[in-house]
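Below is one structure, written out as structure tokens, with a few remarks after it.
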Amino acid sequence: MTQPQRQHRTNWAGNVTYRARDLVEPGSVAELQEVVATAAAAGGRVRALGSRHSFSTVADTDGRQVGTRRLGLEVELEDGDEDEADGPFAVVPGGATYAEVAPVLHEHGRALHNLGSLPHISVAGACATGTHGSGDGLGSLATAVTAVEIVASSGDLVRIAAGDPDFGGAVLSLGALGVVTRLWLRTEPTYEVAQRVWEDLPADEVADQLGAVLASGTSVSVFTDLADPTRVSSVWVKQRTDASGVLAPCLASRAPATRELHPVPGVDPAAASPQLGVPGPWHERLPHFRASHLPSVGDELQSELFLPRSAAPHLLAALTGIRDVVAPALLVHEIRSAAADDLWLSPLRGRDSVMAHFTWRPEPDVVMPALRAVEEALAPFSPRAHWGKITATPGLRAPERAYDLAVFETLRRRLDPGGVFAQDLLSLPEA
């Protein structure tokens, strides 16, 4: 096990300084079990720390943080049923990143259904916080999980699989049930994706056709910086080559870009995934950023609200009305879509959604008033805030009736009766 690290540590963006007294990285699952059991016996607290890409305090604690990258586990493929659609499954170390997992799967002829906008995030952390990509028919990354193995507060290994009554609370759990050691992911035959980008589009056409725009490919993102309320910066369409999409009229009537772009207008596109319609492996096209480069801008804050799909036609108009407050704080605004799921704490629970994502300048004094204005403007659409990003309205993390909080709390108390993995985000007041 690594020696405990006691220096001040922050998340990736630097907006959260962890309160944890130290960080340890066990060298095996057995060592991790000992760390957890020892903390529980002493009445202490433990939180798993992944790639540190969350912008909220989801990974923080006043006790001990544990890293899981040194547990000695490898990516493996495990046979499922005879039907190829049910396997093989990928058995993935919780601390591994998608950038590490995806190439291994591709080399074995397998793929995942989707990826997030950057591949640098840990699998366990992404699933535990509801991270997603885009695609009308595609669920969050957590919906690929068929089983999860955790170290519970007793120090015991617990495996919860699909079909178990507790499964709906075990995958997207904010780390509140234990430390994830391994996940089983549903895979499919590998595939290629071609990415094309349309730039500088009329905002009124995109707004009027937003549903059709988001359905124009396997995975679609709309980007704008709100600098010019009459224009949308770009629309990114990622299309599987083994399927076809129907472009929205505002795209079909125009030629795609002939140069590569970055999601943030004016930024060097070297870090962005390949475009210009050139097909490539799924894991090199579905994310917006290359695994070999620094993700996104690198010095930023992020927030995101999940809205019902019916809100799509009204989204750009609502933001245009507050652009004088929002634009000075904004690097770029992204609109994506995702399919509903039935996970107890999922922002996608029970409703197909359109997501309003904001990449902000790293200036909290400017950002928080702008974010508050966004949340107020979108309040009529019953928004749900992303667990891993900032919010100006704490109650949006767990809006009334959105989640099965009572059922989840029963599961948490059973697996962690002493509150070793207690999570402040689950007890925020309504606001």
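What number of residues within segment 140-163 satisfy the criterion of being over 19 Å from the mean Cα position of the chain (by Cα), more than 21 Å from Leu426 (Cβ to Cβ) and not hydrophobic (A, V, I, L, M, F, W, C)? So the answer is 5.
If you go through segment 164-201 and pick out every residue that is within 18 Å of Ala90 (Cβ to Cβ) and more than 21 Å from the chain's Cα centre (by Cα), you end up with 3.
May I ask you to list the residues in segment 16-31 that are part of a strand (DSSP E or B), of a type outside the set (A, V, I, L, M, F, W, C) and in contact (Cβ under 8 Å) with a residue 40 or more places away in the chain? Full working, then the answer.
Residues of segment 16-31 part of a strand (DSSP E or B): 17, 22-24.
From what's left, of a type outside the set (A, V, I, L, M, F, W, C): 17, 22.
Within segment 16-31, just Asp22 meets the criteria.
Every residue, every condition in (1) of a type in the set (D, E, K, R); (2) assigned to a strand (DSSP E or B); (3) in contact (Cβ under 8 Å) with a residue 24 or more places away in the chain, yes or no:
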{"residue": "Ala176", "(1), (2), (3)": "no, no, yes"}
{"residue": "Leu183", "(1), (2), (3)": "no, yes, yes"}
{"residue": "Arg196", "(1), (2), (3)": "yes, yes, yes"}
{"residue": "Glu199", "(1), (2), (3)": "yes, yes, yes"}
{"residue": "Val206", "(1), (2), (3)": "no, no, yes"}
{"residue": "Val220", "(1), (2), (3)": "no, yes, yes"}
{"residue": "Phe223", "(1), (2), (3)": "no, yes, yes"}
{"residue": "Gln239", "(1), (2), (3)": "no, yes, yes"}
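Against the test of being touching a helix residue (DSSP H, G or I) at 6+ places or on another chain (Cβ under 7 Å), more than 24 Å from Ala126 (Cβ to Cβ) and not assigned by TED's automatic domain parsing to the domain that holds Ala142, the options Arg414, Arg401, Arg397, Arg361 yield a single qualifying residue, Arg361.
The set of residues from segment 107-124 being in contact with an Asp or Glu (Cβ under 9 Å, 6 or more places away or on another chain) and either assigned by TED's automatic domain parsing to the domain that holds Thr359 or not aliphatic (A, V, I, L, M) (or both) comprises Arg110, His113, Ser117, Pro119. Taking (1) surrounded by fewer than 19 Cβ atoms within 10 Å (Cβ to Cβ); (2) modelled with pLDDT of 95 or more in turn, Thr17 satisfies each apart from (2). Residues that are more than 21 Å from Leu331 (Cα to Cα) and assigned to a strand (DSSP E or B) within segment 267-289 comprise Gly280, Pro281, listed in sequence order.
The values are calculated or read from the model by the stated rules, or taken from the named source; none is laboratory data. Since we're looking at a predicted model, the values are computed, not measured. Note that we place each Cβ from the backbone using ideal geometry, even for glycine, and neighbour counts take in every protein chain shown.
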